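K.L.:
Sharing a structure here in structure tokens format.
The values are calculated or read from the model by the stated rules, or taken from the named source; none is laboratory data. Because the structure is a prediction, the values reported are computed rather than measured. In this analysis, Cβ positions are derived from the backbone assuming ideal geometry, glycine residues included, and neighbour counts consider all displayed protein chains. In case anyone asks, the SASA skips ligands and DNA or RNA and just uses the protein heavy atoms, side chains included. Shrake-Rupley method; radii C 1.70, N 1.55, O 1.52, S 1.80 Å.
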Amino acid sequence: METGWLYMTLAAIGHGDDVSMLDGGIRLWQDEKRPISNTAPAEAAGPLTIKPAPDVVVDAPWVRKRLESPTTKVLDVRTTQEWNGGHLPGATLILWQDLYADRQTLKFKSPAEIRALLAAAGVAPNQECVTYCAVGMRASLMYWAARSVGIPARVYVGSWQDWQRDS
């Protein structure tokens, strides 16, 4: 989940294309007997160019304007219990854990399976999706998943906490 947040943060400053996700995490990598090293690479100084990407993070007014738009699908990636406690009007529940083919190893579903998961949640071809959760952490992982399979996506970072406060 935290890796999605890191990816989203780097994408927001223009470096999303420079990031890769280790599918299954380090435990699966080690279980598969892949090479690892305990030696840290030498540090190198260099510039970090910030290129703000306005198509990553959105706020409540942006979401509110698009709640009924046919070009935008709002995805709530919280738990069923959280969903039942209240959700954005017109949103669709899609569990963030369903991105995993194996929840033990945290190995992601294939791109075709992720596309099918999003389609089952009502994301149509060429439709942008906006993900939210409680504060944006889980939503950022769903954002990564959508973007990784070619679906335009954004993250409502303030998510449900911001929506309740703003509403």
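K.L.:
With only Lys, Arg, Asp and Glu charged, each at its Cβ (+1 for the first two, -1 for the last two), find how big the charge dipole of the chain is about the Cα centre; round to the nearest 20 debye. Show your work: numbers first, answer last.
P.N.:
Working: 17 positive and 18 negative charges, 38 e Å.
Rounded to the nearest 20 debye, it is 180 debye.
K.L.:
Indicate, rounded to the nearest 5 percent, the antiparallel portion of the DSSP beta bridges found entirely in region 28-167.
P.N.:
Details: 2 of 14 bridges.
If we restrict to bridges inside region 28-167, about 15 percent are antiparallel.
K.L.:
Okay, next question. Given a 1.4 angstrom probe, what's the average accessible area per residue across the chain, in square angstrom? Numbers along the way, then the final one.
P.N.:
Numbers: 9720 Å² over 167 residues.
Computed with neighbouring chains in place, this is 58 Å² per residue.
K.L.:
Any chance you could check the Cα centroid distance between region 77-137 and region 1-57 for me, in angstrom?
P.N.:
Cα centres, region 77-137 to region 1-57: 22 Å.
K.L.:
Using amide H atoms built 1.01 Å from N in the peptide plane, name the residues 5+ places from TYR100, or on other chains, whose amide H lies under 5 Å from its own.
P.N.:
Under 5 Å from the amide H of TYR100: LYS109.
K.L.:
Mind checking the angle between helix 111-120 and the chain's longest principal axis? C-alpha axes, 0 to 90 degrees, to the nearest 10.
P.N.:
The answer is roughly 10 degrees.
K.L.:
Using the per-residue mean of other Cβ atoms lying within 10 Å as a proxy for protection, in what order, highest first, do the peptides 54-60, 2-8, 149-155, 21-27 fall?
P.N.:
Numbers: 54-60: 15.6, 2-8: 18.6, 149-155: 20.6, 21-27: 13.1.
Going by the mean number of other Cβ atoms within 10 Å, highest first, we get 149-155, 2-8, 54-60, 21-27.
K.L.:
Using a Förster distance of 35 angstrom, determine the FRET efficiency expected from the C-beta separation of SER148 and ALA40, and round it to 0.05.
P.N.:
Numbers: r = 28 Å, r/R0 = 0.80.
It comes to 0.80.
K.L.:
Any idea what the alpha-carbon Rg over 2.2 N^0.38 Å comes to for region 58-136? List each step's numbers first, then the result.
P.N.:
Values: Rg = 13.1 Å, N = 79, 2.2 N^0.38 = 11.6 Å.
Scaled against compact globular proteins, the figure is 1.13.
K.L.:
While we're on this one: What net charge is computed for the residues neighbouring THR49, neighbours being all others with C-beta under 14 Å from the C-beta of THR49, Lys and Arg scored +1, Asp and Glu -1? Could you put the intermediate results ahead of the total?
P.N.:
On the way: positive: LYS51; negative: ASP17, ASP18.
The answer is -1.
K.L.:
Starting from the amide H of VAL74, placed 1.01 Å from N in the peptide plane, find each other amide H under 5 Å away whose residue is 5 or more places distant or on another chain.
P.N.:
Counting only residues 5 or more places away or on other chains, the set is THR92, VAL130.
K.L.:
Consider the candidate values (i) 1.31; (ii) 1.00; (iii) 1.10; state which one is Cα Rg over 2.2 N^0.38 Å computed from the structure displayed.
P.N.:
Comparing each candidate, only (iii) matches the computed number.
K.L.:
What does the charge count around LEU95 come to, taking other residues whose C-beta lies under 13 Å from its C-beta (Lys +1, Arg +1, Asp -1, Glu -1)?
P.N.:
Cβ neighbours under 13 Å give a net charge of +1.
K.L.:
Roughly how many percent of the accessible protein surface of region 22-162 is carbon and sulfur, given a 1.4 Å probe and a whole-percent answer? Walk me through the numbers on the way to the answer.
P.N.:
Details: 4380 of 8030 Å².
Its accessible area is 55 percent carbon and sulfur atoms.
K.L.:
What does the charge count around ALA12 come to, taking other residues whose C-beta lies under 15 Å from its C-beta (Lys +1, Arg +1, Asp -1, Glu -1)?
P.N.:
Values: positive: LYS51, ARG147, ARG154; negative: ASP17, ASP18, ASP55, ASP59.
With Lys, Arg at +1 and Asp, Glu at -1, the neighbours total -1.
K.L.:
Return the sequence-ordered ³J(HN,Hα) values of region 83-97 in whole Hz as given by the Karplus equation 6.51 cos²θ - 1.76 cosθ + 1.60 applied to θ = phi - 60°, using x for Gly and Pro.
P.N.:
Using θ = phi - 60°, the values come out as 4, 5, x, x, 7, 5, x, x, 6, 10, 7, 9, 6, 4, 5 Hz.
K.L.:
Report, to the nearest 10°, how far helix 2-12 tilts away from the longest principal axis of the Cα atoms in the chain, using its own Cα long axis and a range of 0 to 90°.
P.N.:
For helix 2-12, the angle is close to 80 degrees.
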